[in-house]
Each structure stands twice: as C-alpha cells, then as structure tokens.
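The values are calculated or read from the model by the stated rules, or taken from the named source; none is laboratory data. As the structure is a computational prediction, the values presented were derived from the model and not from experiment. Don't worry about glycine lacking a Cβ; one is built from the backbone with ideal geometry, like all the others, and counts go over all protein chains shown.
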Amino acid sequence: MIFKLIIDKTAEENVTATVHDRSPLTNQLEALVMQYTGTDQIPAYTEDDMKMLPFSEIECITVLDGKTYAIDIHADRYRLKQRLYELEEQLPSCFIRINKSTLANETRLERFTASFSGAVDAVFKCGYTEYVSRRCFAAIKRRYDER
C-alpha cells in the first residue's frame, strides 16, 4: 500500500483513495473524511477561563444537571455551550453513545465492567466511570462484532 500526502494551501482540498475492494478500512476512511469540518477541537470553559479542547483529549461528553460537560484525559470537567445532539453531529466517528446523556471517546475507553445485577459500566483511561445502557451496549457489541 502506498500513502501520499500533498500539502498545498493554494489548491482545493481533495481526497482520493484507489483501492481494490471496499473494506471496513475504506468505510472508516470515507466516514472520517466526510465528517471532518476543518476543526478538531472545541471551546471548553471552566469557572475562570476558556480553552480549546482537542477531541483526542476528551474522554467523554456527558450531561449533568442539564448542562453539557467534557471530561478530559486528566479527569477535569469543562463546560460546553453546545447540546449533546449538536456535538454528536460534529464529533468524529470514534465518539459513541453509551447512554441517553453520554458520548464516549472509543479510543479512550479502557474496559467495560459488569456487576452481578447485570449493569455495565464504561471505565475510561483517566479513571472516570459511566454506566452503559442496555440498548447502547447491544449497539456497541454489534459495532465490535462487525470489525
């Protein structure tokens, strides 16, 4: 496989891939290219300041007390101005819904844990834990089975 990247600020952006057959990799590549909006960070707020939080540093985005928060790789909480459904549209495909009020960065998930009662929790690399709804867990399992 040959990979070629040409950076030319004067040319119109164009992504072309020549492959023998469609595969899960080509589907992911197509989804990544089509979802890219030109930015890979989001404004996040604390009590005192605002910073641009890169998507790669977000463990999950959750709604607490009616407000949207991003939990970063250090388990710090940042307030976001957008609603969860608005964020879901602009985030890359590695963000998956794990319950009605939480989107998880799949690359930052460490493991899923199950309890005797049948509940499943998602444990993130920073140590933050969030429950996974049964419906979303079934969709996550299907997603992993397709790979």
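Applying the selection to the stretch 47-71, what residues are touching an Asp or Glu at 6+ places or on another chain (Cβ under 7 Å), assigned to a strand (DSSP E or B) and not hydroxyl-bearing (Ser, Thr, Tyr)?
Within the stretch 47-71, Leu53, Pro54, Ile58, Glu59, Cys60, Ile71 meet the criteria.
Being in contact with a strand residue (DSSP E or B) (Cβ under 9 Å, 6 or more places away or on another chain), part of a strand (DSSP E or B), of a type in the set (A, V, I, L, M, F, W, C) and at pLDDT 90 or above is the requirement here; does Ala44 meet it?
Judged against the criteria, Ala44 is a match.
Check the stretch 101-115 and report whether any residue there is surrounded by 13 or more Cβ atoms within 10 Å (Cβ to Cβ), among the aromatic types (Phe, Trp, Tyr), out of contact with any Phe, Trp or Tyr (no Cβ under 8 Å at 6 or more places or on another chain) and in contact (Cβ under 8 Å) with a residue 12 or more places away in the chain.
No, because not a single residue in the stretch 101-115 is surrounded by 13 or more Cβ atoms within 10 Å (Cβ to Cβ), among the aromatic types (Phe, Trp, Tyr), out of contact with any Phe, Trp or Tyr (no Cβ under 8 Å at 6 or more places or on another chain) and in contact (Cβ under 8 Å) with a residue 12 or more places away in the chain.
For the stretch 72-102, what are the residues that are of a type in the set (Ser, Thr, Tyr) and either touching a Leu at 6+ places or on another chain (Cβ under 8 Å) or assigned to a strand (DSSP E or B) (or both)?
Tyr78, Ser93, Ser101, Thr102
For a quick check of your reading of the model, give me the residue pairs whose first member lies in the stretch 1-24 and is under 23 Å from Arg147 (Cβ atoms), whose second is loosely packed, with under 10 Cβ neighbours inside 10 Å, with beta-carbon atoms closer than 8 Å and at least 6 apart or on different chains.
Sorted first by the residue in the stretch 1-24, then by its partner, the pairs are Pro24/Glu146; Pro24/Arg147.
Which number in (1) loosely packed, with under 13 Cβ neighbours inside 10 Å; (2) closer than 21 Å to Gln28 by Cα marks the one condition that Glu88 misses?
Answer for Glu88: the failing condition is (1).
Can you work out which of the residues in the stretch 119-144 that are in a strand (DSSP E or B) and aliphatic (A, V, I, L, M) is surrounded by the most Cβ atoms within 10 Å (Cβ to Cβ)?
Per the criteria, the residue is Ala122.
Which condition number does Thr68 fail, the rest of (1) within 12 Å of Tyr128 (Cβ to Cβ); (2) surrounded by 13 or more Cβ atoms within 10 Å (Cβ to Cβ) being met?
(1)
Which members of the stretch 47-68 meet the condition of being out of contact with any strand residue (DSSP E or B) (no Cβ under 8 Å at 6 or more places or on another chain), at pLDDT 90 or above and more than 16 Å from Ala104 (Cα to Cα)?
Within the stretch 47-68, Asp65, Gly66 meet the criteria.
Quick one: what pairs do we get from the stretch 75-99, first residue in contact (Cβ under 8 Å) with a residue 24 or more places away in the chain, second basic (Lys, Arg), C-beta under 7 Å, 6+ apart or different chains?
Within 7 Å, the pairs are Arg79/Lys67.
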